[in-house]
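Presented below is the structure to which this report refers.
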Amino acid sequence: MDLTEYVRHDGVGLARLMADGEVTPAEVEAAAREAAEEVGGRVGAVVETWPADDVPVPGSSPLAGVPFLVKDIGTTVAGRRTELGSRLAAGHVAPADSFLTRRLRRGGLVTFGRTATPELAYSITTEPVLYGPVRNPWDPARSAGGSSGGAGAAVAAGVVPLAHATDAAGSLRIPASCNGLFGLKPSRGRVSMGPDADEVFSGLAVQGCVSRTVRDSAALLDLVCGPEPGDPHTAPRPFRPFLEEVTRPAGTLRVGVLAGAWGGRRTSAPVADALTRTVRLLESLGHRVEETPVGLGTDWEGFVRACARVFTANLAATVDALATALGRPVDSSTLEAPTLAAYHYGQGVTGPRLLAALTVRNTVARSLAEYFDTYDVLLTPTLPELPMPLGTYTEGGEALDGAGWIERLLDRAPFTTVFNVAGTPAMSVPVTADAETGLPAGMQFAAGYGREDLLFRLAGQLERALPWTGRTPVVRAGADAGR
């Protein structure tokens with residue numbers, strides 16, 4: 001299998017070729033490694049590869065034999081490094097598989113490396129000191145987003161058809177938007193975070209993936225969803241496999257539209273234009289669409305303050321645990337300036353203040369639940385602007401305190417974090433791109449708790465109505481051979 005053929009297929013398509021005996025898992029894996037080598041230096045998405053130790057049985061699952069990459073945070077592979085994008089954890093080797101890794105292995109995916117993340121996943125751009133910046137395959141001078149920026153760039157550049165991602169404030173949907181991919185953040189409790197953690201970032205973080213096609217994300221979620229012993233949250237069982245939902249009729253949906261971000265952040269003209277075109281597409285598909293206010297049950301300042309306390313208190317606990325386990329100091333030799341500032345801020349978050357922040361989490365969850373009693377889906381831009389030039393987000397970060405860094409995050413990505421706080425599913429869909437630059441501009445759709453089925457049906461309809469896989473970024477494996 002040459003690269004030109006390899007990049008034409010999504011994960012489900014590759015798995016079917018292997019199940020039919022048209023190509024072997026070894027040939028597919030070899031193509032993935034060749035792709036990683038070809039685009040590696042141009043995007044910086046993959047920080048390490050290793051020999052795959054699994055022999056998948058073709059046809060044993062919809063993704064059996066498909067090459068896969070895990071993010072350098074959020075899951076562990078026994079005997080492999082997990083460095084969290086930070087000098088603090090450099091060289092750390094995981095002693096055991098996480099629950100997610102076990103399910104990936106049982107599903108027959110061939111995990112052969114890890115992708116870059118910003119330090120401790122604490123940014124919406126992936127430019128860590130430890131690895132260097134991840135470049136956007138659509139424009140290498142721009143950010144691939146974060147914190148799953150390595151995953152997004154690897155998939156967009158054709159290294160793998162889908163890759164592991166996590167999302168605590170948009171970290172899956174933001175790279176999906178920046179890289180022209182599909183990315184669905186599952187409901188809280190849909191995928192286990194264990195066994196080393198019951199919940200991450202006080203329940204705001206979830207596991208998922210980014211992919212080129214909707215069906216790949218659905219197939220992966222089928223393989224990894226479901227509770228494990230000791231999980232504190234359990235999402236309701238799906239009505240049927242998510243992969244089946246992708247081809248089911250979406251029906252006529254009541255779609256609310258939030259064009260202006262909470263907090264007053266203005267949406268740039270190219271993104272506003274993309275939103276308008278998306279509304280027209282939805283109307284042409286028969287959905288009832290109207291612009292609506294969306295209350296959070298708290299003001300924006302209170303929401304940001306609660307997020308700052310939750311994020312930094314959790315960060316401080318993680319940093320202390322790493323420093324103790326690895327015998328390293330917590331200072332500028334091990335942490336970047338914004339992370340160190342957030343760590344110090346988190347040390348000052350008292351128990352009562354953290355509990356007050358979790359009360360805000362409850363308030364937001366109840367408010368959005370009421371909203372989804374009236375509307376099936378809420379549409380927003382995923383981001384208020386097109387992918388940023390590298391260095392834009394981090395510029396001046398050394399002068400911010402911990403709360404200031406979170407305020408910057410929520411200012412640059414004001415649409416995504418609300419759904420982490422509420423625990424509801426949300427997806428970024430590459431419905432359209434900027435007409436002038438060709439850069440991706442993802443649109444975000446959110447639904448009520450446990451309604452991934454509804455989102456997959458809508459995503460499948462949008463993909464059929466306006467296919468996006470034919471768009472090709474500047475950096476893509478096999479592109480030279482295909483010309």
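Out of Gly150, Gly158, report the one residue that is of a type outside the set (A, V, I, L, M, F, W, C), under 22 Å from Gly65 (Cα atoms) and part of a helix (DSSP H, G or I). Please lay out each step first, then the result.
Details: Gly158 fails: part of a helix (DSSP H, G or I).
Unique residue meeting the criteria: Gly150.
Which ones in the stretch 339-362 are buried (at least 19 other Cβ atoms within 10 Å of the Cβ) and closer than 30 Å to Gly448 by Cβ?
If the condition is that a residue be buried (at least 19 other Cβ atoms within 10 Å of the Cβ) and closer than 30 Å to Gly448 by Cβ, then Ala357, Val360, Arg361 are the ones that fit.
Can you confirm whether Gly396 is out of contact with any helix residue (DSSP H, G or I) (no Cβ under 7 Å at 6 or more places or on another chain), without any contact (Cβ under 8 Å) to a residue 60 or more places away in the chain, more than 28 Å from Gly263 (Cα to Cα) and surrounded by fewer than 24 Cβ atoms within 10 Å (Cβ to Cβ)? First the steps, then the outcome.
Numbers: out of contact with any helix residue (DSSP H, G or I) (no Cβ under 7 Å at 6 or more places or on another chain): yes; without any contact (Cβ under 8 Å) to a residue 60 or more places away in the chain: yes; more than 28 Å from Gly263 (Cα to Cα): no; surrounded by fewer than 24 Cβ atoms within 10 Å (Cβ to Cβ): yes.
No: the conditions fail for Gly396.
Could you check how many residues of the stretch 235-266 are in a loop (DSSP other than H, G, I, E, B), without any contact (Cβ under 8 Å) to a residue 40 or more places away in the chain and loosely packed, with under 12 Cβ neighbours inside 10 Å? I'd like the intermediate steps shown before the answer.
Taking the stretch 235-266 and keeping what is in a loop (DSSP other than H, G, I, E, B), we get 235-241, 246-253, 258-261, 265-266.
Imposing the further condition that a residue be without any contact (Cβ under 8 Å) to a residue 40 or more places away in the chain reduces the set to 237, 241, 252, 260.
From what's left, loosely packed, with under 12 Cβ neighbours inside 10 Å: 237, 252.
Here the count works out to 2.
Mind checking which pairs have a first residue in the stretch 29-47 that is surrounded by fewer than 22 Cβ atoms within 10 Å (Cβ to Cβ) and a second that is in a helix (DSSP H, G or I) and among the acidic types (Asp, Glu), Cβ under 9 Å, 6 or more apart or different chains?
What qualifies is Glu38/Asp480.
Counting just the residues of the stretch 54-83 that are assigned to a loop (DSSP other than H, G, I, E, B) and in contact with a Ser or Thr (Cβ under 7 Å, 6 or more places away or on another chain), which one comes out nearest to Arg106 (Cα to Cα)?
Taking the stretch 54-83 as the starting set, the residues that turn out to be assigned to a loop (DSSP other than H, G, I, E, B) are 54-66, 72-80, 82-83.
From the residues that got through so far, the ones that are in contact with a Ser or Thr (Cβ under 7 Å, 6 or more places away or on another chain) too are 72-77, 82.
Values: Asp72: 20, Ile73: 20, Gly74: 18, Thr75: 15, Thr76: 15, Val77: 14, Thr82: 21 Å.
Once the filter is applied, the top-ranked residue is Val77.
Which numbered condition trips up Met193, out of (1) touching a Phe, Trp or Tyr at 6+ places or on another chain (Cβ under 9 Å); (2) among the hydrophobic types (A, V, I, L, M, F, W, C); (3) closer than 24 Å to Asp453 by Cβ; (4) not in a loop (DSSP other than H, G, I, E, B)?
(4)
Return a yes/no flag: does the stretch 171-188 have any residue that is part of a loop (DSSP other than H, G, I, E, B), in contact (Cβ under 8 Å) with a residue 40 or more places away in the chain and more than 30 Å from Ala357 (Cα to Cα).
Yes, some residue in the stretch 171-188 is part of a loop (DSSP other than H, G, I, E, B), in contact (Cβ under 8 Å) with a residue 40 or more places away in the chain and more than 30 Å from Ala357 (Cα to Cα).
Looking only at residues in the stretch 134-160 that are surrounded by fewer than 24 Cβ atoms within 10 Å (Cβ to Cβ) and touching a helix residue (DSSP H, G or I) at 6+ places or on another chain (Cβ under 9 Å), which one is farthest from Gly404 (Cα to Cα)? Working first, answer last.
Taking the stretch 134-160 as the starting set, the residues that turn out to be surrounded by fewer than 24 Cβ atoms within 10 Å (Cβ to Cβ) are 139-142.
Going one step further and asking which of them are touching a helix residue (DSSP H, G or I) at 6+ places or on another chain (Cβ under 9 Å), we end up with 140, 142.
Details: Pro140: 28, Arg142: 23 Å.
Ranking the qualifying residues of the stretch 134-160, first place goes to Pro140.
The conditions are (1) under 21 Å from Thr76 (Cα atoms); (2) in contact (Cβ under 8 Å) with a residue 40 or more places away in the chain, and Pro227 fails exactly one of them. Which is it?
Just one mismatch for Pro227, condition (2).
Here are the criteria: (1) of a type outside the set (Ser, Thr, Tyr); (2) out of contact with any helix residue (DSSP H, G or I) (no Cβ under 8 Å at 6 or more places or on another chain); (3) closer than 23 Å to Ser147 by Cβ. Tell me which single one Pro467 does not satisfy.
(3)
Would you list the helices (runs of 4 or more DSSP H) that sit entirely within the stretch 398-483 and hold 3 or more residues that are over 27 Å from Ala250 (Cβ atoms)? Before the answer, list the steps.
On the way: elements: 402-412, 417-422, 452-465, 479-482.
Answer list for the stretch 398-483: 402-412, 479-482.
Collect the residues in the stretch 331-361 that are of a type in the set (A, V, I, L, M) and either closer than 12 Å to Ala317 by Cα or part of a helix (DSSP H, G or I) (or both), keeping them in residue-number order.
If we filter the stretch 331-361 for residues that are of a type in the set (A, V, I, L, M), which is where we start, we get 335, 337, 340-342, 349, 354-358, 360.
Ala337, Leu340, Ala341, Ala342, Val349, Leu354, Leu355, Ala356, Ala357, Leu358, Val360, listed by residue number.
Taking the stretch 161-207 only, how many residues are surrounded by 24 or more Cβ atoms within 10 Å (Cβ to Cβ) and on the phi > 0 side of the Ramachandran plot?
2
I'd like the residue in the stretch 364-393 that is more than 25 Å from Thr252 (Cα to Cα), buried (at least 17 other Cβ atoms within 10 Å of the Cβ) and not aliphatic (A, V, I, L, M) and, out of all such residues, is modelled with the lowest pLDDT.
Tyr393
Quick one: would you say Thr117 is buried (at least 24 other Cβ atoms within 10 Å of the Cβ), in contact with a Phe, Trp or Tyr (Cβ under 6 Å, 6 or more places away or on another chain) and either in a loop (DSSP other than H, G, I, E, B) or modelled with pLDDT under 95 (or both)?
Working: buried (at least 24 other Cβ atoms within 10 Å of the Cβ): yes; in contact with a Phe, Trp or Tyr (Cβ under 6 Å, 6 or more places away or on another chain): no; either in a loop (DSSP other than H, G, I, E, B) or modelled with pLDDT under 95 (or both): yes.
No: the conditions fail for Thr117.
Among the numbered criteria (1) in contact with a Leu (Cβ under 8 Å, 6 or more places away or on another chain); (2) within 20 Å of Ala413 (Cβ to Cβ), which one does Gly107 miss?
If we test Gly107 against (1) in contact with a Leu (Cβ under 8 Å, 6 or more places away or on another chain); (2) within 20 Å of Ala413 (Cβ to Cβ), just (2) comes out false.
The values are calculated or read from the model by the stated rules, or taken from the named source; none is laboratory data. Computed from a predicted structure; not experimentally measured. So basically every Cβ, Gly included, is an ideal-geometry build from the backbone, and we count neighbours across all protein chains shown.
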